[in-house]
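To start, the structure under review is shown below, and the notes come after it.
Values in this text are rule-based calculations from the coordinates and carry no lab data. A quick note: this is a predicted structure, and the numbers were derived from the prediction, not measured. For neighbour counting, all protein chains shown are included, and Cβ atoms are generated from backbone atoms with ideal geometry for every residue, glycine included.
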Amino acid sequence: MEETNSHRIHTFSLLILTFSLFSTLALSRFSPTDNHLISCGSTVDTTVDNRRFISDSNPSSPLLSSAQTIQLTNQSPSPYSIQIYNSARIFKKPSKYAFEIKEPGTHMVRLHFHAFVSSNLDLSDAQFHVLVNGYVALSNFSVGKVRDFVVKEFFIWADSDKIVINFVPAKKGNYGFVNAIEVISAPKDLIADVGFLVNGNKDEKFVGLTKQALETVHRINIGGPKVTPFNDTVWRTWIPDYEFFKSSNDLSKLMYFGGRIHYQIGGASREVGPDFVYKTARVITDTNGAVLNPNMTWEFPVDEGYKYLVRMHFCDIASISLGLIHFNVYVNGYLAYEDLDLSSITYMLASPFYVDFVVDDDSSGVLRVSVGPTNKTMAYGVDGILNGVEIMKMNNSVGSLGGKICAGMVLKSWPRGNIGVLVPFVAGLCLLLSLALVMHRRTVGMRNPVSWSKLPTEVPGVDLNHVNLHLSGKA
């Protein structure tokens, strides 16, 4: 069992979203203000899951440098292939798309890739960089020999009237490509600005998540099947947890709930997590203290050198009455949430909510999350539950999600293409350029401490005094 030797316990109020919605059998679709869906390299529009992707050959296309690009069509597509992956836009020189933005705020940017072979060009050989609004989203990216399509998802804050996406070949003679692009407004409550920093040494809030560039690394439906974009309110994909689940005991069980999920104040909205995630879970059955290591643990591969936003989704679909589940939550072995009592937060069963943690990688290339019993665990009850996990990489100090080179130097490196030689110099320059901004944000944060959003006073049954987050050290 992961134990903790706590020197002190601090209590924070848990951020609770103010969103109320009754569950129905049909999914209520989110309608984004900005909704750009582009089919790249295609001469016709394409419909996928009732969503219309517009050809970037259209005169009103956001592509700004079509003279430097090539349209490519898959001449031998699979009969089961999705249409947007049968065409591609090829970039042999730096090129960009500029999307008009009507509503400032967080936007979801999805880039679709499928490396097919056509016209003596094998897209698996492509190697390139992608910049989004001044952040390095992908560096020296190559799809490789992956037979399936690849989707890269990012969350980018937009405070101007455009989101610009640059494609830059890694070197002269190489090229980049993309099959489809999505740029859509994110729901207002999808990315909260504050998370809990978990490092074992001090208890802090991390302020400014909305202004970070985020890349979705893992989105997991715990204990359930794959959830496709068609079954998610904001068109995400959730994959099963089987390959990440590492617990060695036989105390965990899969749980499926056939009733109604209650989206209410004190929980997460359907845009944060769909029914298909909250209706499935893994639970720890009663251990009664007889098992040495009863925790459930998941291990996720991550890149070293970054902070990660870890979002954990909970919904009590296992209890027969309130107050029967108490458990601890760990991130990278640190106690992140002590004595979690779901009923003290939601005041009803089958009502979801989530918690955001910010954690550094521990140089192992693996990020671990666990749930397990506490001293308050009740006999013959459930000792822990988890419904979903999302892990998002946060940009580093030079504004990159893919290395130590900032966006400005990626653009300046063309056409030399010898970025590797410039790494020491460029990394230092980018660091100096970003240092002033980092120090400014920290200074502002110290002068203006952030408090949690207060719930509307007219909402009955929600008492923030009963919602506590306990942080302590690592074993």
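Derived scalar couplings between HN and Hα for segment 78-87 equal 5, x, 9, 6, 7, 4, 5, 8, 9, 9 Hz in order, rounded to whole Hz, by the Karplus curve 6.51 cos²θ - 1.76 cosθ + 1.60 (θ = phi - 60°), x for Gly and Pro. Computed over the alpha-carbon pairs of segment 156-237, the distance histogram in 5 Å steps reads 3, 9, 13, 17, 17, 16, 12, 9, 4, 1, 0 percent, short to long.
Full extension of the chain segment joining Glu103 with Tyr256 gains 51.2 nm, where the gain is 0.36 nm per residue of separation less the Cα-Cα distance.
Of the Cα atoms belonging to segment 110-190, the radius of gyration and Dmax stand at 14.0, 46 Å. 3J(HN,Hα) couplings calculated from phi for segment 340-350 with the Karplus curve 6.51 cos²θ - 1.76 cosθ + 1.60 (θ = phi - 60°) are, in sequence order, 5, 10, 4, 5, 6, 9, 9, 6, 6, 7, 6 Hz; Gly and Pro show x.
A simple spin-label model places the labels of Val150 and Ser60 3.3 nm from each other, with each point 7 Å out along Cα-to-Cβ. Simple spin-label estimate for Val366 and Asn140 gives 2.5 nm between the two label positions (7 Å along the Cα-to-Cβ direction from each Cα). Among the chymotrypsin sites (Phe, Trp or Tyr not before Pro) found in segment 299-399, those both in a DSSP coil and sparsely packed, with 12 or fewer other Cβ atoms within 10 Å of their Cβ, are Tyr380.
Derived scalar couplings between HN and Hα for segment 158-173 equal 10, 10, 10, 8, 8, 10, 10, 10, 9, 10, 10, x, 5, 7, 5, x Hz in order, rounded to whole Hz, by the Karplus curve 6.51 cos²θ - 1.76 cosθ + 1.60 (θ = phi - 60°), x for Gly and Pro.
A straight chain from Tyr80 to Trp414 at 0.36 nm per residue would run longer than the Cα-Cα distance by 116.4 nm.
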